[in-house]
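Q: My questions all concern the structure below.
The values are calculated or read from the model by the stated rules, or taken from the named source; none is laboratory data. Everything quoted here is computed from the prediction, not taken from an experiment. When we count neighbours, we look across all protein chains shown, and the Cβ atoms used for this are built from the backbone with ideal geometry, even at glycine.
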Amino acid sequence: MRQIAADDGKEEFAIYQVKFSRDPNSITDNSRWLLERAEGEREKNARLIDRGATEYFLISNISGTSHLDGGSIDRTAKALATEFGIPIHCWWRDDLNRLLDGNWGIKLRYPEILSGHDFFRLLLETSAGEQQERRLNALRAFLADQYEEDVQVKFKQVELQNRLLDLFIDLPFRVTFKSKEDLTSQTFRGDNVRLFFDDKSVVLTNQQDDDSVSGTATLLLSEWGNQRLRQVVVEGAPGQGKSTLAQYLCQVHRIRLLHKHDDYLQLPLTDQQSSIRIQLKVDLRDLASWISGSDPFDVEHVSSNIASRSMESFLARLIRLHSGGIDFDDLLEVSKLAPLLIVLDGLDEVAEIKQRSEVATAVTKAIPRIRENCPSLNVVITSRPAAFANSPGFDSEHFPHIELLSVKRSQINLYAGRWMDVRGLSQKERAEFQGILDEKMDAPHLRDLARNPMQLTILLSLILTQGSALPDERTNLYDEYVDLFFSRESAKSPAVRKHIVLLKDLHRYIGWVLHSTAETGRKNSNGRISVADLEALLTEYLTSEQHSIDVIEEVFSAMLARVVMIVPRVQGTYEFEIQPLREYFAARFLYDTAP
């Protein structure tokens with residue numbers, strides 16, 4: 001309430017009343033919704049008028065329509081005019097936006113209310129002349145180019161290349177916090193999220209198999225995520241969708257900054273209403289080259305000035321490249337004015353351990369420098385789980401780690417429906433396909449192969465080509481699955497590409513050794529093997545098959561750091577990610593080698 005001094009000495013005041021909707025887009029009749037809530041305040045407002053209220057301001061975050069007489073603005077004003085007997089003002093969402101125009105201090109304090117247009121006005125109004133135009137042009141062109149680059153999600157191994165928003169599913173998560181901050185009162189309010197405490201850490205997860213669609217992306221885009229997960233590492237197995245998640249997070253911001261209306265309507269409501277940031281997505285292999293003195297975008301150019309090769313200078317180079325060559329050295333100025341999201345994709349794809357360590361060090365040092373000037377900086381790093389105990393990475397004390405979990409059963413049907421849309425299946429074909437899929441998901445060996453989006457995509461492609469014959473062709477299924485899996489990895493790793501045949505043979509041999517020791521109970525292995533025993537086993541195989549043992553380090557690294565069908569579940573040991581794969585490789589070894 002606002003107090004006003006009247007001429008007669010009587011204290012007068014104005015009433016300000018806020019009616020907030022968590023889901024404004026779900027309201028079908030905005031005028032009726034607002035009037036019903038105002039009606040509920042009639043008795044209270046009547047008492048306030050008796051005590052001296054002279055004006056009534058009804059404020060809401062819902063939007064009004066301006067059609068003459070018939071729009072929600074006119075209808076509400078007419079209905080309220082005779083409601084209380086004092087002047088009434090209704091402030092709709094657009095009115096509030098106009099009141100905030102130019103109030104950059106407030107908008108930067110609450111970046112969730114910034115619009116795409118706001119960002120560019122902010123940059124335009126805080127500098128002058130040619131500098132302002134160049135900066136604005138560079139950022140617009142950069143965002144547009146990266147938007148076009150990430151419109152498609154590419155999976156060439158199954159000849160699938162379609163729009164990211166058509167196929168994206170938001171995977172469940174598990175976040176581990178090393179320090180016990182006060183999370184109980186500020187916990188993310190997503191669907192079926194649970195919080196666990198133990199002696200050393202706090203775990204936040206939504207892994208229940210339910211129909212909720214909010215997952216890792218929703219968590220990171222939420223207000224809670226923006227505040228409590230300001231710098232995080234997202235970890236996931238091969239094909240888990242780490243890079244696709246990185247694409248999606250950035251596209252949500254680009255869509256709103258560039259006013260891509262059709263794409264905007266495809267976003268979940270929670271993501272539509274998240275705070276908006278200027279995003280910069282980085283392939284960490286490129287950053288590794290830059291730090292080592294090379295220009296990843298101009299391979300013939302090598303700089304001797306390694307000291308200038310910081311993450312900040314790389315980001316400026318990236319913007320110049322994607323803007324079509326517009327000169328840009330204004331990252332510091334932009335970071336002072338606008339909230340930033342920096343997504344660093346693929347730490348595990350920096351193959352050399354020394355380079356990976358240099359990248360982690362450069363990023364760790366750069367973040368505080370940028371944050372010192374940036375009003376709101378968020379950093380998301382994607383990687384596979386560390387394959388070695390001392391693998392370079394980011395301190396979990398300062399970088400909470402988010403683990404991407406397996407696809408939920410409910411999400412399999414969601415993804416399959418979208419996949420069938422993309423493939424253009426007829427109603428008859430869809431019904432037949434869905435029936436086969438439902439049947440296959442009851443088979444444990446097939447359900448295990450649908451743990452992540454890549455595996456699920458392969459499985460759907462095999463169902464489409466093999467139909468109901470699939471369960472009788474388990475060996476062929478795994479043959480095709482393994483071929484596609486290795487094909488994907490060879491496209492991303494020179495080491496896998498170079499040793500692909502040997503790596504397949506090694507998986508078969510190790511599968512046989514681990515399966516036979518587990519089945520016979522020898523060494524109490526339970527299908528696991530220590531790091532030292534695994535390396536000895538590889539050396540033994542290479543020697544017996546007359547391969548040079550000089551490749552042992554490269555092959556060992558490729559097997560654990562790239563292929564990761566063998567994973568470290570228990571500290572110091574390795575095992576196959578799923579038992580049916582161990583059984584398959586053991587059977588393949590016997591088939592290929594038995595007399």
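Q: Looking at the range 553-595, which of the residues that are at pLDDT 80 or above and among the β-branched types (Val, Ile, Thr) is surrounded by the fewest Cβ atoms within 10 Å (Cβ to Cβ)?
A: THR593
Q: When you scan the range 261-295, how many residues do you find that are basic (Lys, Arg) and modelled with pLDDT under 90?
A: 1
Q: Of (1) more than 24 Å from GLN227 (Cβ to Cβ); (2) among the charged types (D, E, K, R); (3) surrounded by fewer than 17 Cβ atoms within 10 Å (Cβ to Cβ), ASP348 satisfies all except one. Which?
A: All conditions pass for ASP348, except number (3).
Q: Moving on to the next point. Scan the range 234-263 for residues that are of a type in the set (Asp, Glu), touching a residue at least 60 places away in the same chain (Cβ under 8 Å) and more than 15 Å from GLU349 (Cα to Cα) and jot them down.
A: Initially, the range 234-263 is screened for residues of a type in the set (Asp, Glu), giving 235, 262-263.
Narrowing further to those that are touching a residue at least 60 places away in the same chain (Cβ under 8 Å): 235, 263.
Residue satisfying the conditions is ASP263 alone.
Results for (1) hydroxyl-bearing (Ser, Thr, Tyr); (2) modelled with pLDDT of 85 or more; (3) outside the structural domain of LYS440 (by TED's automatic domain parsing), shown as yes or no for each residue.
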| site | (1), (2), (3) |
| --- | --- |
| ILE319 | no, yes, yes |
| THR361 | yes, yes, yes |
| THR364 | yes, yes, yes |
| ARG369 | no, yes, yes |
| PRO385 | no, no, yes |
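Q: With the requirement that a residue be under 20 Å from ILE15 (Cβ atoms), among the charged types (D, E, K, R) and at pLDDT below 70, what does the range 62-103 give you?
A: GLU83, the sole residue that qualifies.
Here is a yes/no grid of residues against (1) touching a residue at least 40 places away in the same chain (Cβ under 8 Å); (2) in contact with a Cys (Cβ under 6 Å, 6 or more places away or on another chain); (3) not aromatic (Phe, Trp, Tyr):
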position: LEU265; (1), (2), (3): no, no, yes
position: GLN273; (1), (2), (3): yes, no, yes
position: ARG277; (1), (2), (3): yes, no, yes
position: LYS281; (1), (2), (3): yes, yes, yes
position: ALA288; (1), (2), (3): yes, no, yes
position: ILE291; (1), (2), (3): yes, no, yes
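Q: Out of the helices (runs of 4 or more DSSP H) lying entirely within the range 392-492, which hold 2 or more residues that are among the aromatic types (Phe, Trp, Tyr) and touching a strand residue (DSSP E or B) at 6+ places or on another chain (Cβ under 8 Å)?
A: none
Q: I would also like to ask the following. Among (1) in a loop (DSSP other than H, G, I, E, B); (2) in contact with a Ser or Thr (Cβ under 7 Å, 6 or more places away or on another chain); (3) closer than 26 Å to ASN137 by Cβ; (4) not basic (Lys, Arg), which single condition is ALA366 missing?
A: The failed condition is (1).
Q: Given the condition surrounded by fewer than 18 Cβ atoms within 10 Å (Cβ to Cβ), assigned by TED's automatic domain parsing to the domain that holds THR216, assigned to a strand (DSSP E or B) and touching a Ser or Thr at 6+ places or on another chain (Cβ under 8 Å), answer yes or no: does some residue in the range 296-308 qualify?
A: yes
Q: State which residue pairs qualify: first residue under 12 Å from LEU590 (Cα atoms) and inside the range 495-512, second residue of a type in the set (Lys, Arg) and surrounded by 20 or more Cβ atoms within 10 Å (Cβ to Cβ) in any location, beta carbons under 6 Å apart, and separation of 6 or more residues or different chains.
A: Here the result reads ARG508/ARG588; GLY511/ARG582, each pair linking the range 495-512 to a residue that is of a type in the set (Lys, Arg) and surrounded by 20 or more Cβ atoms within 10 Å (Cβ to Cβ).
Q: Quick check on the range 371-382: of everything there that is touching a strand residue (DSSP E or B) at 6+ places or on another chain (Cβ under 6 Å) and either of a type outside the set (A, V, I, L, M) or in a loop (DSSP other than H, G, I, E, B) (or both), which residue is modelled with the lowest pLDDT?
A: CYS374
Q: Taking the residues in the range 330-347 that are modelled with pLDDT under 85 and assigned to a loop (DSSP other than H, G, I, E, B) as candidates, determine which candidate is nearest to the chain's Cα centre (by Cα).
A: In this case the residue turns out to be ALA338.
Table: residues versus (1) part of a helix (DSSP H, G or I); (2) out of contact with any Gly (no Cβ under 9 Å at 6 or more places or on another chain).
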| residue | (1), (2) |
| --- | --- |
| ILE276 | no, no |
| LEU321 | yes, yes |
| GLY324 | no, yes |
| PHE328 | no, yes |
| THR361 | yes, yes |
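Q: Looking at (1) closer than 30 Å to ASN452 by Cα; (2) surrounded by 17 or more Cβ atoms within 10 Å (Cβ to Cβ); (3) of a type in the set (Phe, Trp, Tyr), can you tell me which one TYR264 breaks?
A: All conditions are met except number (2).
Q: Consider GLU429 carefully, then state whether it is of a type outside the set (Ser, Thr, Tyr), surrounded by fewer than 19 Cβ atoms within 10 Å (Cβ to Cβ) and either outside the structural domain of VAL233 (by TED's automatic domain parsing) or farther than 20 Å from LEU167 by Cα (or both).
A: Answer is yes for this residue.
Q: Moving to a separate point now. Please find, among ILE106, ILE59, the residue that is modelled with pLDDT of 80 or more and either surrounded by fewer than 16 Cβ atoms within 10 Å (Cβ to Cβ) or more than 27 Å from LEU337 (Cβ to Cβ) (or both).
A: Result: ILE59 is the single residue among ILE106, ILE59 that is modelled with pLDDT of 80 or more and either surrounded by fewer than 16 Cβ atoms within 10 Å (Cβ to Cβ) or more than 27 Å from LEU337 (Cβ to Cβ) (or both).
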